[in-house]
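The values are calculated or read from the model by the stated rules, or taken from the named source; none is laboratory data. All values derive from a computational prediction rather than experimental measurement. Ideal geometry is used to build each Cβ from the backbone, glycine not excepted, and the neighbour counts take in all protein chains shown. SASA here: full protein model, heavy atoms, side chains in, ligands and nucleic acids out. Shrake-Rupley method; radii C 1.70, N 1.55, O 1.52, S 1.80 Å.
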Amino acid sequence: MLATPRPVFPFSAIVGQNEMKLALTISAVDSAVGGVLVFGDRGTGKSTAVRALAALLPPMKAVSGCRYGCDPEAADALCEECRARSLTGPLKAATVPVPVVDMPLGVTEDRVVGALDLERALSQGVKAFEPGLLARANRGFLYIDEVNLLEDHLVDLLIDVAASGENLVEREGLSVRHPSRFVLIGSGNPEEGELRPQLLDRFGLSVEVKTPEELGERVEVVKRRDEFERDRAAFIAKWKKEDDRLRRRIVAGRKTLPGMELPDDVLVAAARLCMQLGTDGLRAELTLIRAARSLASLEQAAAVAVTHLRRVAPSALRHRLRRDPLDESGSAARIERALAEVFGAAESA
Ligand SMILES: [Zn+2]
């Protein structure tokens, strides 16, 4: 039995933080964008935003009793058990909320990937597998607070699994694999340790969040938070319309995405921008294109346009610049300059 989920703060009621909200929404439309890295001060609502977005998404159909929450309609992404079950008849499904799994610091690798019980395998000849966090995160979000404090090899592993959509556990000749498709969201405080550039580059988007400096905005943040704490149900009801509207846009965007036209001039523009900034490899360009396509789908545009590219460029590129990737003003200014040089200053608003 699932407990009634604790009501979460509505996504639409989050004040400001537009870049973060857009990056999360883009990744909800297309998880292939590759996750979001959120840099910023403590208490800027990073975790709230992820939870709010997951709560807003339509609940998913999952195979009843499956430990990995397999999608009964995705025949190519079923776990071994569901594949076996599907041979004997249609899979029974239940509706479940989109999972958000927290990655605690100091977590062991076994707890993340799952544990194979070698003793039982040897003594009883059964393959006993205790699923880990990667099983629970399947088809949802995996949230790492302070990703820069997590061991590099774990971050590496998470990114690998997120990219492949599959978790493979191998111990002493035994192996288990199961689907594990999720959007990786990492939050970090740049003052508390850096991420290796190789890891930074593997996150799709990155955004910076700040405590609002404008008086009116600060007041609004506190006001809404207070209103929410005093009467959660009433506050959620008040923002329901906005949240519903965004949900419909995301669902429509997901449908539009596969057929979204990607003209050559947009590809050329992306390449020129990345050359101008000297980003290494093709990952930057691919992410830039994917994010622009996701945004175009979200907005039901006829085709991806250079304007979409411009709007996602800071998030897609700022963590890939070679020097001072975390120096926000520096990298943002460099991207702005490159945008102006490639596309002309007039359009760069
Ligand atoms: Zn399954």
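Annotation for segment 138-157: no member residue is free of Cβ contacts under 8 Å to residues at least 60 places away in the same chain and within 16 Å of the ligand (Cβ to nearest atom). Checking the condition within 19 Å of the chain's Cα centre (by Cα) and surrounded by fewer than 15 Cβ atoms within 10 Å (Cβ to Cβ), which residue from Lys241, Lys255 passes? Exactly one of Lys241, Lys255 is within 19 Å of the chain's Cα centre (by Cα) and surrounded by fewer than 15 Cβ atoms within 10 Å (Cβ to Cβ), namely Lys255.
Candidates Asp231, Asp156, Asp226, Asp201: the one that is of a type in the set (Asp, Glu) and touching a His at 6+ places or on another chain (Cβ under 9 Å) is Asp201. The listed residues are Ala75, Ala93, and the only one of them that is more than 27 Å from Ser187 (Cβ to Cβ), small (Gly, Ala, Ser) and loosely packed, with under 15 Cβ neighbours inside 10 Å turns out to be Ala75. Is there a residue in segment 282-294 that is in contact with a Leu (Cβ under 9 Å, 6 or more places away or on another chain), under 30 Å from Glu192 (Cα atoms) and among the basic types (Lys, Arg)? No: zero hits. Note on segment 57-93: residues that are touching a Phe, Trp or Tyr at 6+ places or on another chain (Cβ under 8 Å) and more than 8 Å from the ligand (Cβ to nearest atom) total 0. Restricting segment 134-188 to residues that are at pLDDT 90 or above and in a loop (DSSP other than H, G, I, E, B), the residue that is most open to solvent (accessible area, probe 1.4 Å) is Arg181.
For segment 205-216, the criterion of being free of Cβ contacts under 8 Å to residues at least 40 places away in the same chain, assigned to a helix (DSSP H, G or I) and either under 30 Å from Ala303 (Cβ atoms) or open to solvent by 50 Å² or more (accessible area, probe 1.4 Å) (or both) is satisfied by at least one residue.
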